[in-house]
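What follows is a set of notes on a single structure, which appears directly below.
The values are calculated or read from the model by the stated rules, or taken from the named source; none is laboratory data. None of the values given here were measured: they were computed from a predicted structure. Here the Cβ positions follow ideal geometry from the backbone for every residue, glycine too, while neighbour counts run over all protein chains shown. The protein model used for the area step is the full one, side chains on, heavy atoms only, and it has no ligands, DNA or RNA in it. Shrake-Rupley method; radii C 1.70, N 1.55, O 1.52, S 1.80 Å.
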Amino acid sequence: MCNNNNNNDCSCFSKIIEKIIYLQQQGDACDNFNGCDRPFLGSINNTICLNTRPITFYGCNGNSFIFPYTLNGVEGVSEVFRVENLDECCCKCRILAPNPDTTTVATYPYVATSDFFTINLNCLCAIRCLPDVQVTGL
């Protein structure tokens, strides 16, 4: 994709994004998946229902995309996002901020901001998925 900007086939990334959206939607009902229909591997964590697969986007220059946010009146920048919606090659994402509450950061490493952006998946070279987490404020 980096060497051919006229390539309008974002199917590689869109399939990944579609799967992430599906899994995040299932996260709200993870307690209902106790049998073979569970949409994930591994045991069920009875105390925390994970609801987000955080991602980072990389451009063709190898740098991660960074977007500004405001959380409780404090401005910052983040390279960690939550996929919210996909429309062909356009992906709407929510900017995630590091959890300012140091007493819960181990359990809840990110908080949702009310800042969003839309990215054309054709502008990407790589997507990095971070470990699944519970994000507060969604």
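Of note:
- Using a probe radius of 1.4 angstrom, the carbon and sulfur fraction of the accessible surface of segment 49-98 is 48%.
- Between GLU18 and LYS92, the simple spin-label model (points 7 angstrom out along Cα→Cβ) gives 1.9 nm.
- For a label point 7 Å along the Cα-to-beta-carbon line of ASN72, residues of segment 89-119 with backbone N under 17 Å: 96-115
- Taking amide H positions as modeled 1.01 Å from N, with prolines and chain starts lacking one, the residues under 5 Å from LEU130 and 5 or more places away or on another chain are ILE55, THR56.
- Pairwise FRET efficiency - SER64 versus THR136, Cβ, R0 = 30 Å, nearest 0.05: 0.80
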